[in-house]
1. On full extension of the chain, what length is gained from residue 153 through residue 408, given 0.36 nm per residue of separation minus the C-alpha to C-alpha distance?
2. What distance in nm lies between label points placed 7 Å from Cα along the C-beta direction at residue 533 and residue 588?
3. Give me the distance between the Cα centres of region 223-281 and region 566-644, rounded to whole Å.
4. With a Förster radius of 56 Å, plug the Cβ-Cβ distance of residue 657 and residue 580 into 1/(1 + (r/R0)^6) and report the FRET value to the nearest 0.05.
5. For region 376-443, just say rounded, prolate or oblate: build the C-alpha gyration tensor, square-root its eigenvalues into a ≥ b ≥ c, call rounded for a/c under 1.5, and beyond that prolate if a/b exceeds b/c, oblate if not.
6. Ranked from highest to lowest mean number of other Cβ atoms within 10 Å per residue, what is the order of the peptides 196-204, 492-500, 296-304, 472-480?
7. If you average the C-alpha positions of region 141-213 and of region 299-355 separately, how far apart do those two centres end up, in angstrom?
8. Got the relative contact order for region 331-389 handy, in percent, Cα pairs under 8 Å and 6 or more residues apart?
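Any read-out appearing in this document is the output of simple, stated calculations on the displayed coordinates, not a laboratory observation. Just so we're clear, the structure is a prediction, and the values are computed from it rather than from any experiment. Cβ atoms come from the backbone with ideal geometry, glycine included; neighbour counts cover every protein chain shown.
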Ligand SMILES: Cc1cc2nc3c(=O)[nH]c(=O)nc-3n(C[C@H](O)[C@H](O)[C@H](O)COP(=O)(O)OP(=O)(O)OC[C@H]3O[C@@H](n4cnc5c(N)ncnc54)[C@H](O)[C@@H]3O)c2cc1C
């Protein structure tokens, strides 16, 4: 990637550009534009088959001589490892859990989208494509999204063949329900445990390959560095989390399927250990990080109850099919028993503001409106730090209409989970919900082949940025992870691998030795800092900064303040963190220290990215850019680009230099960019 050619001055004037003002002036430098050169042109519906045909083939006998490292055993990683193993490649598959089955994907509740049109309600590949482009607020690529919609139908067939027990109607046909941002029913589900059932399907396929000897699985191993030899990704350095041994693993190609980084906010619905380290280490070695500020805040989570929490719980979006969201019209009613509040005194605000989509508006919109009514003082539930942050999700109408058994059959496990966590019975009293960090649309930049800017480094699932634009529609993450792993990657990676055999790399190659050494030094540094503050306390403080200034609403002043706070806190972390124990055995505080160190650097980049984008789109709401009625206001003339950031290296004092911004222009040939409306 070439050097920066455009600079900004501290007063915000951009030199060498038509733009007159830039909030992030002085925080970054401009780089050359970047383009996705792999997507074929021509009719949208033919692009994927064209690419599959054009991508070169590795013949079956040669596949046995080609090796791949896949980091991650969630839906994206397990499906890719199983498929590549089945194809005959030699695969090493890594995860930090004690079993591939415990990847975060297991937590997914609500469902997976596919354009099967089983309900005959007008769905089609094109409609799924259109909904996803619009839902993503016109910040994703048309070619990628169309391919995703096309492949979605194959995923369901694949999973049914594996025995995934999707919900069925009385007559035996697969059932569907609706998720936000759409007016058809296209979400396939297995009660509130869809992720678990899909992961068991992928895991069985993976186990079959492990037994066949094509895949070797390394559990409780954490990738801590990427190995690059002659400009290509050729391996990883991983730490055995049980013995502490630092190991080198080499291969012809590396795939990261390492999930999302929502835990930079500390409190999120993600699994406690989800982190950014695999992606961030690759970023520091040259992989661009795209749209890092695009965070999805999910509207239906169990509200925060105090400062003691380390985890938030999602209540699936599927509940918005039958549950109605409301708050009292009058502040005076907010501490009443909701059952005593008369119908006329309730404000079903989503149904009121968005009559066409009602409670099924997309997540970004539902989240913001929940925040607005709570900011007005009409929130419900206990006060936390002086504010009630909760709204009702009420099933009384649905229970009256359909009967309790029907609601139990659809959502029983979710209701049980809510009752166990809150001590309240949601069949009797409305649930209380509030938005929480849930998913990240940002991730490593990849082209149509899912290859990053480092040759030989591919990225799949939530770890890449590719398909959801500024906002992901519900039930589309599982679709994308499995599309990438079962269908896209195995077809595109062969084009890269057809150039094999690659030159053999030995463990004493200087680049390998250097990567090993870097990991050792990092581990030793954490263990020898001997500070006074726990890793968790830093993580919590970083999370508070991110939520306050880079959460549901961002402003230029707030983001600048956040960057200052993060820099100060990060310096303190490196001087004063306390990591007890040794590196020779299980040491969770050592593991966390590495992850939190990377979160600090990521958090700063997220704020710079958010500062640069002075528009509101999807999960990124800038206070300075809204319509008169408070809706998000995009500026397509200025920001219709993917912001792909390069790591600039570090100054002599260890401080990071301004990152370099490479813009990928987004071109809409088949859809008209419109201001989103769900009214
Ligand atoms: C509570 C919840 C409910 C959800 N429900 C839905 C839903 O109903 N529908 C939907 O579409 N989406 C849903 N999502 C989103 C969806 O679950 C995730 O986006 C998706 O599962 C991510 O899959 P993945 O394979 O990309 O990553 P993950 O499942 O997060 O897997 C990451 C893998 O990478 C490994 N890994 C990471 N870093 C390293 C490292 N450094 N070294 C070694 N291994 C590493 C981990 O061990 C793990 O195996 C939900 C999310 C949450 C939080």
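1. Details: separation 255, 0.36 × 255 = 91.80 nm, distance 2.85 nm.
Going from the current span to full extension adds 88.9 nm.
2. 2.2
3. Distance between centres, Cα-based: 18 Å.
4. Calculated transfer efficiency: 0.95.
5. Oblate.
6. So the order, starting with the most tightly packed, is 472-480, 296-304, 196-204, 492-500.
7. Measuring centre to centre over Cα atoms gives 30 Å.
8. Numbers: 40 pairs, mean separation 17.0, N = 59.
Relative contact order comes out at 29 percent.
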